[in-house]
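Have a look at the structure that comes next, please.
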Amino acid sequence: MKNKWKRTTSKTRKTLRFVKKKRSKGMSKKQKSPVMQDQRIQVHPPAEAPVTVEAQPRHILVPVLQHIYVDDKHRRKLMDRKKLRILVVTPFTNTMDMQMEPLITEPLRILVQEVVVLKTYEQVPTVLSQMNPDLLLIICQEEPMSDELLITIQQTSVKTALWNVGDHFVVDSIRHMVPYFDVVFTQNIMNIPIYQHLGCKNAVYLPLTADRTMYSPKITNKPFQSDLLLIGDYYPYRQEHLDTIQQISELKKIFVLGEDWEANERIILIEKDQDLQAYYNGANIIVNWKSIQQQVFEAAACGAFQLVEENPNLSAFMLPGEDVVTFRTPQEMRDQLRLYLDQPELKRKVASKALWRSHYDYSSLHMAMRLLDGMFGI
């Protein structure tokens, strides 16, 4: 019986090979490899290069195709952006400020035809005349500009924008420059009325975002880990917040990133030149008093859970209660700390939403697109 089974199996294999060979003889070259043909599908959207997607069942493939093809209005926007040429001036004098430049210029390079960067004001008139760009973008903090250059900027037919990336307050040098520009971008929404009063009617809130090459989720060593990380400078009214925090027994190891906290012995000061992303990643909870949004974005990019003091800058991009939790009083802060210490899954859900949105809703590329939309409506 065993030998008979072997002979039958062998005969069956021969029959299958014969049938397969006979079928392939009657096929054209195009028909010989139906399986290979179905493995990859060439999809040609209205773009310069074809996009290839893996073959999938129809109910999966249709949404993919809907995502690839864009409507005419969006396609025109992409094409209009790709024609733009931008002259960027970054007259920074210290190393920390110089690190901002790629955060702004690299996303613009993705979106437009050409980006030329100057490090000083002196070259601006010559390059502006030779290049004749679509946009002159000055990125600065307090660096003063000569009256001759301001007159050149005022008289040029090129669109001009000033992006003040350090405007906790509007310093005198910036006040002097504002009236000469078509648009002023600010990191502090509270400064928009000031810019408008100074003569620039088009003032737009546009914060810097997290540098994804520096800020991302990572496992940290014990020296960087804390029960609570405080971000912000000490003011007398914050003593009540600190007293409230010290009543919560779970909060034993507390770090602080800010100035004038030396009198409080229970908390550990972090030096400014330290690796901040390690402290963000090591914190169980972050309490953030900063009104400038970039530091909130940086902690979000690390997947950190944040309690942030309510301020007008926050809700322009983030969703209180979804990717960040807000408080107004020491009592509200205490209640939120108690809630999220007792419910770690809920805390993880909020932090995960912030991490996801730091990729897809408030990345540096999104801010670059908002800048172009503010200047050209595209």
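The values are calculated or read from the model by the stated rules, or taken from the named source; none is laboratory data. Note that the coordinates shown come from a computational prediction; the quantities given were computed from them, not determined experimentally. Please note: Cβ atoms are built from the backbone with ideal geometry, for glycine as well, and neighbour counts cover all protein chains shown.
Among the residues of region 237-247, is there at least one that is among the aromatic types (Phe, Trp, Tyr), closer than 25 Å to Gln331 by Cα and outside any helix (DSSP H, G or I)?
Among the residues of region 237-247, not one is among the aromatic types (Phe, Trp, Tyr), closer than 25 Å to Gln331 by Cα and outside any helix (DSSP H, G or I), which makes the answer no.
Among the residues of region 330-341, is any under 19 Å from His241 (Cβ atoms), among the aromatic types (Phe, Trp, Tyr), assigned to a helix (DSSP H, G or I) and modelled with pLDDT of 95 or more?
Yes, the conditions are met somewhere in region 330-341.
Can you spot a residue in region 193-204 that is more than 24 Å from the chain's Cα centre (by Cα), assigned to a helix (DSSP H, G or I), surrounded by fewer than 21 Cβ atoms within 10 Å (Cβ to Cβ) and not assigned by TED's automatic domain parsing to the domain that holds Leu149?
No, every residue in region 193-204 fails to be more than 24 Å from the chain's Cα centre (by Cα), assigned to a helix (DSSP H, G or I), surrounded by fewer than 21 Cβ atoms within 10 Å (Cβ to Cβ) and not assigned by TED's automatic domain parsing to the domain that holds Leu149.
Please state which one of Val112, Val88, Val53, Val64 is over 30 Å from Lys272 (Cα atoms), surrounded by 14 or more Cβ atoms within 10 Å (Cβ to Cβ), touching a strand residue (DSSP E or B) at 6+ places or on another chain (Cβ under 7 Å) and modelled with pLDDT of 70 or more.
After ruling out the rest, the residue left standing is Val112.
Specify the residue that is nearest to Gln293 (Cα to Cα); the eligible residues are those in region 318-329 that are under 27 Å from the mean Cα position of the chain (by Cα) and part of a loop (DSSP other than H, G, I, E, B).
The qualifying residue nearest to Gln293 (Cα to Cα) is Met318.
Does Phe317 meet the test of being under 25 Å from Val184 (Cβ atoms), touching a Lys or Arg at 6+ places or on another chain (Cβ under 9 Å) and in contact (Cβ under 8 Å) with a residue 40 or more places away in the chain?
yes
For region 89-147, give me the residue count where each residue is of a type in the set (A, V, I, L, M, F, W, C) and assigned to a loop (DSSP other than H, G, I, E, B).
3
Something else now. Does Ile219 fit the bill of being in contact (Cβ under 8 Å) with a residue 60 or more places away in the chain, within 20 Å of Cys302 (Cβ to Cβ) and out of contact with any strand residue (DSSP E or B) (no Cβ under 8 Å at 6 or more places or on another chain)?
Yes.
Looking at Pro312, Pro344, Pro320, Pro330, can you tell me which residue is touching a helix residue (DSSP H, G or I) at 6+ places or on another chain (Cβ under 8 Å), over 24 Å from Phe169 (Cα atoms), assigned by TED's automatic domain parsing to the domain that holds Leu229 and loosely packed, with under 14 Cβ neighbours inside 10 Å?
After applying the criteria, what remains is Pro320.
Restricted to region 271-295, and to residues that are aliphatic (A, V, I, L, M) and modelled with pLDDT under 95, which residue is surrounded by the fewest Cβ atoms within 10 Å (Cβ to Cβ)?
Filtering first and then ranking leaves Ile292.
Considering only region 186-199, state which residues are out of contact with any Pro (no Cβ under 9 Å at 6 or more places or on another chain) and touching a residue at least 12 places away in the same chain (Cβ under 8 Å).
Passing the criteria: Asn191, Ile192, Ile194, Tyr195.
Only one of (1) outside any loop (DSSP other than H, G, I, E, B); (2) buried (at least 17 other Cβ atoms within 10 Å of the Cβ); (3) hydrophobic (A, V, I, L, M, F, W, C) is not met by Ile151, so which one is it?
(2)
Still on this model: In this structure, does Val287 turn out to be in a strand (DSSP E or B) and of a type in the set (A, V, I, L, M)?
Yes: the conditions hold for Val287.
Take region 167-185 and flag every residue that is part of a helix (DSSP H, G or I) and touching a residue at least 12 places away in the same chain (Cβ under 8 Å).
Ser173, Ile174, Arg175, His176, Met177, Val178, Pro179, Tyr180
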